[in-house]
1. At 222 nm, what helix-only mean residue ellipticity would the chain give, in deg cm²/dmol to the nearest 500, using -39500 (n - 2.57) for each DSSP H run of four or more?
2. Only loop residues by DSSP count here, and only those with at most 11 other Cβ atoms within 10 Å; note down the GluC sites (Glu not before Pro) in region 158-253 that meet that.
3. Under the Kirkwood approximation applied to all pairs of distinct alpha-carbon atoms, what is the hydrodynamic radius of region 186-242 in Å?
4. Which pairs, out of 376/422; 34/245; 113/376, put more than 29 Å between their alpha-carbon atoms?
5. Would you mind getting the accessible area per residue of region 204-314, heavy atoms of the protein chains only, 1.4 Å probe, in Å²?
6. So for the chain: antiparallel DSSP bridges make up what percent, rounded to the nearest 5?
7. Extent of region 58-214 along each principal axis, from alpha carbon coordinates, in Å, largest to smallest?
8. Starting from the amide H of residue 277, placed 1.01 Å from N in the peptide plane, find each other amide H under 5 Å away whose residue is 5 or more places distant or on another chain.
Amino acid sequence: MAAERTLIKGAFVVSVDPKVGNVANCDILIDGEKIAEVRPGIEAPDASLIDARSMIASPGLVDAHHHLWQGPLRSVTTDWSLHEYANGIRMFAASFFRPDDMYAATLHGALEKLNAGVTTVADYCHNINTPEHASETLRALRDSGARIRWGFGFNRPPLEAPYFATMAERAEYLRDLARREFPGNVGRVTLAVCPEESIFWNSEDYVVPQFEVAREIGAHIFLHANSARDLITQEYARDARRLSKLGLLGPDVCLVHMGVTEPEEWQLVADSGAHLAFTPETEWQMAMGWPSIARAREFDIAFGLGVDITSNNSTDIRFPLRAMLQLERYRMNEHRAGHNIEGVPISSAEALSWGTLGGATALGLEREIGSITPGKRADIVLHDGNHIGLVGWSRANPEGVLIAQAGTESVDTVLVDGHVVKERGKLCGMVEQACRLLDESSDYLHRQVLQHGGFDAALGASSNKLEAQKAGGG
């Protein structure tokens with residue numbers, strides 16, 4: 001628990017705030033849940049002291065798109081296509097999750113994030129089979145201590161006797177949930193809404209009420225977009241164009257993936273003030289199109305990066321940040337291969353902003369988090385600069401070491417809202433319990449999969465479930 005005031009003393013601060021900059025031997029005074037001052041030489045004898053003289057202080061990382069509920073199925077999808085993922089996970093294994101499994105997956109996933117210095121996650125929860133699934137997920141998020149934009153998914157897992165028979169029933173439940181669980185929609189865990197993907201719309205009117213209820217309750221909106229073909233026509237979805245035509249785009253919208261997007265659509269997104277989230281590892285593997293960072297930069301659209309699915313990828317957001325930076329550099333210089341060029345087209349500092357302030361903006365939280373700025377929430381990560389993997393780092397380019405060399409193993413201390421959640425390299429939360437529960441959940445779910453024919457049978461037999469979902473929308 002945090003003291004009323006906490007003083008982080010002597011850190012090398014990488015603020016991701018141009019007004020604050022990078023400051024050596026710098027102090028950070030935390031008053032309650034917020035950053036009060038950032039400068040050298042702060043005296044606060046009443047504050048709890050964190051000696052950070054060998055540390056690099058940076059904002060907590062932001063995972064702009066993740067499905068935390070898939071943790072019990074870790075590594076299952078690492079050799080799958082998007083079609084196989086949709087059939088094997090969304091149309092098959094998802095239906096076996098109990099409320100207890102949602103709790104186990106979400107608690108473990110959120111703690112795993114904190115361990116890596118990821119203090120904020122957009123949790124796109126598209127496996128809400130019953131109200132108990134939702135309540136157990138929320139209990140886990142609140143138990144974890146992480147900052148979460150929890151996305152209520154309108155998606156319909158393929159259950160034999162679904163609790164929510166219609167989209168209208170889900171919408172009414174969401175209204176009640178917002179009133180009961182999210183008064184004012186403030187705090188560490190806040191409510192967002194995830195409308196169903198357009199591949200499941202049986203008409204464009206189907207999605208409008210989902211956006212309307214999101215705006216009625218004041219929730220940020222996340223949508224998988226422009227990354228797959230229509231199930232019936234096999235044409236690309238062109239979601240940005242369709243949403244614009246319906247008057248649904250806006251600054252409260254974050255479009256996820258966007259790998260197959262026309263120039264006209266980029267302009268529509270930019271004009272609307274909407275934001276983006278890319279998940280490079282999944283998008284590369286599953287033929288969802290190239291993560292369109294170059295287009296986002298060209299049209300000045302704010303974006304963040306995400307891990308997407310723990311059934312597929314590592315939870316550490318640094319890998320996609322690092323890989324995306326280097327691959328974009330390569331693409332921008334490919335025509336000059338072999339030339340003795342000067343400099344690089346994208347800096348490590350910009351890449352760090354993708355994983356901090358960019359992600360915060362995509363989540364609609366840029367006024368709260370994303371930089372070490374007085375007045376913002378005290379979500380701060382301290383990396384051990386003397387760690388064997390960091391020692392000798394260049395003070396002239398601290399963003400470089402945070403992107404290129406830092407990792408979970410060098411994260412010494414993590415604070416969320418001024419509360420210490422990791423200290424001296426060890427999580428302060430329910431680690432043993434979370435690991436035990438996840439292991440038990442994983443065993444149960446894998447048994448269920450085998451009892452129902454296994455993943456191989458599901459991939460071969462359940463393709464038409466996707467079309468049945470679209471036909472049954474309403």
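The values are calculated or read from the model by the stated rules, or taken from the named source; none is laboratory data. These numbers come from a predicted model, not from an experiment. Don't worry about glycine lacking a Cβ; one is built from the backbone with ideal geometry, like all the others, and counts go over all protein chains shown. For accessibility, only protein heavy atoms count, side chains too; no ligands or nucleic acids. Shrake-Rupley method; radii C 1.70, N 1.55, O 1.52, S 1.80 Å.
1. Mean residue ellipticity at 222 nm (helix-derived): -10000 deg cm²/dmol.
2. 160, 235
3. 12.4
4. Beyond 29 Å between Cα atoms: 34/245.
5. 35
6. The antiparallel fraction comes to roughly 45 percent.
7. 46, 42, 27
8. 255, 256, 257, 304
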